[in-house]
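Values quoted throughout were computed directly from the atomic coordinates according to the rules given, and no laboratory measurement underlies them. Please read all numbers here as calculations on a predicted model, not as lab measurements. Counting neighbours? That spans all protein chains shown, and the Cβs are built from the backbone with ideal geometry, glycine included.
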Amino acid sequence: MKHVNYYLAASMKKLSRKQEIINVASKLFKEKGYSAVTMRDIAKSMGIKAASLYNHINSKQEILTYIIISLAEEFTQGMSSIKLSNKNSIEKLKQIVSLHINITINNTNGMASLNNDWMHLKDQKDYYLTLRVNYENSFRNIINKGIKKKEIINLNPDIMLFSILSTLRSLYLWIPKKEDLDPNELATSLSNVLLNGINR
């Protein structure tokens, strides 16, 4: 099925209101979980009637789809740029760390849905899974090339991928607890831990 960015076709006025609804919904999804949140809950949090939501959003599923697909596409675009760079494998992995940090800082609530609620997608679930698999394959390829060029130690690339990616995917739980966070400083420190280890 061809993916359609139906939400981008809205007018700027509607998109602005729509984004407000999405922001409120994503916060509720993080706090309660997608399944436990109703359109009435979203409306109540916004101080409006549930019927008013339908002037901008067709369903709760549409909100979830927007949140997850927009983030997945942002990661895909970021990975595409990293793959095309002339950096070595270690530098590319550092860029991936920065990519995850920057996206997470800007949308911690949405990242919760991306990690915890993607299985509730309907029409766009296959599209999302394709993006996810392609992203992980690109990540793995960078690791494999690094091993081949002796830039990275020759260990199981799937274990490396899992250990790095599982940490990056959980940043949405940790970042909101930190005040005055410097993304660049975090990227440097996290890259050192993930890529260099903690041996003295």
Original post:
Which listed residue (Gln61, Leu171, Phe139) has the Cα farthest towards the positive end of the charge dipole for the chain, taking +1 on Lys and Arg C-beta and -1 on Asp and Glu C-beta about the Cα centre?
Top reply: Gln61
Subject >> the chain: relative contact order in percent, alpha carbon pairs under 8 Å with at least 6 residues between >> reply: 24 percent
Original post:
Each residue of the stretch 185-200 in order: what ³J(HN,Hα) in whole Hz does its phi give by Karplus 6.51 cos²θ - 1.76 cosθ + 1.60, θ = phi - 60°, with x for Gly and Pro?
Top reply: 5, 5, 4, 5, 5, 5, 4, 4, 5, 6, 9, 10, x, 10, 5, 6
Original post:
Which ³J(HN,Hα) values in Hz, rounded to whole numbers, follow from the phi angles of the stretch 53-67 under the Karplus curve 6.51 cos²θ - 1.76 cosθ + 1.60, where θ = phi - 60° and Gly and Pro get x?
Top reply: 4, 6, 6, 10, 10, 7, 6, 5, 4, 5, 5, 4, 4, 4, 4
Subject >> Degrees between helix 12-32 axis and first principal axis of the chain (Cα, 0 to 90, nearest 10) >> reply: 70 degrees
Original post:
Out of [x] 24; [y] 8; [z] 19, which label holds the value of percent of Cα pairs over 32 Å apart that was computed here?
Top reply: [x]
Original post:
If you plug each phi of the stretch 76-93 into the Karplus form 6.51 cos²θ - 1.76 cosθ + 1.60 with θ = phi - 60°, what whole-Hz ³J(HN,Hα) values come out, in order, with x for Gly and Pro?
Top reply: 4, 5, x, 5, 4, 5, 5, 4, 7, 6, 8, 6, 6, 4, 5, 5, 5, 5
Subject >> Under 14 Å, Cβ to Cβ, from Ser170 - net charge with Lys/Arg +1 and Asp/Glu -1 >> reply: +4
Subject >> Given Lys60/Lys83; Lys149/Lys177; Lys30/Lys125, the pairs whose alpha carbons are separated by over 31 Å >> reply: Lys60/Lys83; Lys149/Lys177
**OP:** Would you please name the trypsin sites (Lys or Arg not before Pro) within the stretch 14-72 that are DSSP coil residues with at most 13 other C-beta atoms within 10 Å of their C-beta?
**Re:** Lys49
**OP:** Measure nothing fancy, just the Cα-based angle from helix 157-169's long axis to the longest principal axis of the chain, in degrees from 0 to 90, nearest 10.
**Re:** 40 degrees
Subject >> Simple Cβ-charge dipole of the stretch 110-200, Lys/Arg +1 and Asp/Glu -1, about Cα centre, in debye nearest 20 >> reply: 440 debye
Subject >> For Thr108, net neighbour charge (Lys/Arg +1, Asp/Glu -1) across residues whose Cβ lies under 13 Å away >> reply: +4
